[in-house]
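Remarks on the structure that follows.
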Amino acid sequence: MDPTLDDAQRAYQESLRQFFQSKWPESSVRASMEARTEEETRVWRQLAQQLGVAGLTLPEEVGGSGSTQIEAMLVLEEMGRALYGGPYLATVVLAANALMLSGDGAAGKEYLPAIVAGELTATLAFAGNGRDRSNAPTPTARRTAGGWVVAGTAHRVIDGASADRILVEADTDEGRSLFVLESEDGLVRRQVETMDQTRRLARLEMTDVPARLLCAAGEAAGVLDRVRALACLALAAEAVGGAARCVQETVAYAKVRHQFGRPIGSFQAVKHRCAEMQVRLETATAAVRHGARVAVDGSEDLALLASVVKVHAAESYFRTAADTIQLFGGIGFTWEHFAHLHFKRAKATELMFGSPRDHRRAIANTVLAVRG
C-alpha cells in the first residue's frame, strides 16, 4: 500500500489498472503499433467518458472534474504500465494544459468540452521537441490581411499525423507565441519511423497555414515553460508505471524459472539485481509523487524539479528494462516478448522533451544562476 495516497486515490488507480488489463492487453498494444485501430479510438472514448481521464484536471465549467496533478500522475503511471500510446499525452497533458494556461477563454470554451468528452484530439508542436534546440529552427508566424499564418517545420510532434487540432509554438516579431492551426491548407503531416513503436511521432511542414493566436503575441513563454514541465513530469510518471511492470514480471519469472534444480530467484546475484530494480522504482515513484505535489502547491521551482524528476525516472526505467531483458535471458530479446517493448519505450522516454544531458545542463545553469 502506498502511504502517499489516500483511499480514493488508491481506488481510482486500481480501477485504472483493471481497465487497462481488460481493455488494453498486449495484443492491443501490438495491433496499435501497426496502425491506428478502431479499438484504440473506442478505448480512448471509454477512458474519457467512463473514467474521466480527459477532464481530470480541467475545471468544471468546461466539463472537467477539477482534480489535481496528483490524480493525473496516477493515470499516467497506469498508462505507462500498460504501454498505452493513445491520445492522453498529446491531447490532455500538452494541448489541454496549453489552452487552459493561455487564458484564452473563447478558445477554451470551443475546444475543451470536446476534449473532455473524448470527441476531439489535439497536440502541441514544441519548437525543437521541447528542450532540445539543437538544429531545428522554430516555426515563424506573421500577420497578414486575412489574419495570422504560420510557416516552418515542427519535428517529432506526438500524434501530429492524427490530431484533430494542432497547437504550434512559433516566433513572431513580438517574441515566442502560441497558435492553433485553423486549416489544413499549406499543412503537410508526415508520420516518422520511431524506435518506440507504441507512440506515434510526426513531422509537420507548414507553408503559411492560417492560425489563431492564443493569448497575446510574444507572451507565450511562461505558458510553454509550464506545459513543458508538466510534460516532463508526465513522462516520468509513465516511466514509473513501465518500471513497475518490469519489476513485477521479472520477480514473478525469477520464482518459476529453474536452473540447476532451483528457482533462479534463489541465487544471490539475481536477488541483488531484483532488489536494485525495486530500489530504483521506489525512489522514482517518490520523486514523481513529489513533483505532482509541487505542481499543485507551487512550493518549489517546477521547471527545475521537473528536469530532476524526469532524468531520474527515465534513466531508472531504462536500467530496469535492461535488467529485465538480462534476467529473462534469450527470450527477452525476442519480438514476441514484452520486455523489448519497455526497453524501447524507456530509451525514447529518456530522449523526449530533452535528453538527460539537456536537462542536466538546464539544472546546472539554474543552480549557477541562483548562486550568482
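The values are calculated or read from the model by the stated rules, or taken from the named source; none is laboratory data. Just so you know, these numbers come straight off a predicted model, no measurement behind them. So basically every Cβ, Gly included, is an ideal-geometry build from the backbone, and we count neighbours across all protein chains shown. Calculation scope for accessible area: heavy atoms of the full protein, side chains included, ligands and nucleic acids excluded. Shrake-Rupley method; radii C 1.70, N 1.55, O 1.52, S 1.80 Å.
Note on Val188 and Gln278: the extension gain reaches 27.9 nm, defined as 0.36 nm multiplied by sequence separation minus the Cα-Cα distance.
Under 18 Å of direct C-alpha separation, and excluding same-chain neighbours fewer than eight residues apart, Lys255 reaches these lysines: Lys271. Close amide H contacts of Leu51 (hydrogens built in the peptide plane, cut-off under 5 Å, sequence separation of 5 or more or a different chain): none are found.
By a straight-distance test (C-alpha under 24 Å), which lysines pair with Lys23 as possible cross-link partners, with residues fewer than eight away in the same chain excluded? Within the straight-line cut-off, Lys23 pairs with Lys344.
Within the accessible surface of the chain, defined with a 1.4 Å probe on protein heavy atoms only, the carbon and sulfur portion equals 52 percent.
Taking all protein chains into account, the per residue accessible area for the chain stands at 43 Å² (1.4 Å probe). Per-residue accessible area (protein heavy atoms, 1.4 Å probe) orders Lys23, Lys271 as Lys271, Lys23, starting from the largest.
DSSP beta bridges confined to the chain are antiparallel in about 85 percent of cases.
Against the longest alpha carbon principal axis of the chain, how many degrees, from 0 to 90 and to the nearest 10, is the axis of helix 38-50 turned? The angle comes out near 80 degrees. Here region 93-184 yields Rg over Rh of 0.95, to two decimals, using C-alpha coordinates and the Kirkwood radius. Seen against the Cα atoms of the chain and their longest principal axis, helix 339-351 is set at about 40 degrees. Cross-link reach is defined here as a Cα-Cα straight distance under 17 Å, omitting same-chain residues fewer than 8 places apart; for Lys347 the lysines meeting it are Lys310.
The modelled label-to-label distance for the pair Ser65/Ala151, using points 7 Å beyond Cα in the direction of Cβ, is 4.6 nm.
Expressed as a whole number of Å, what is the distance separating the alpha-carbon centroids of region 254-295 and region 314-348? Measuring centre to centre over Cα atoms gives 14 Å. For Gly354, the residues 5 or more places off, or on other chains, whose built amide H falls under 5 Å of its own are Arg131, Asp132.
Tilt of helix 356-371 relative to the longest C-alpha principal axis of the chain, in degrees (0 to 90, nearest 10)? Relative to the chain, helix 356-371 is tipped by roughly 70 degrees.
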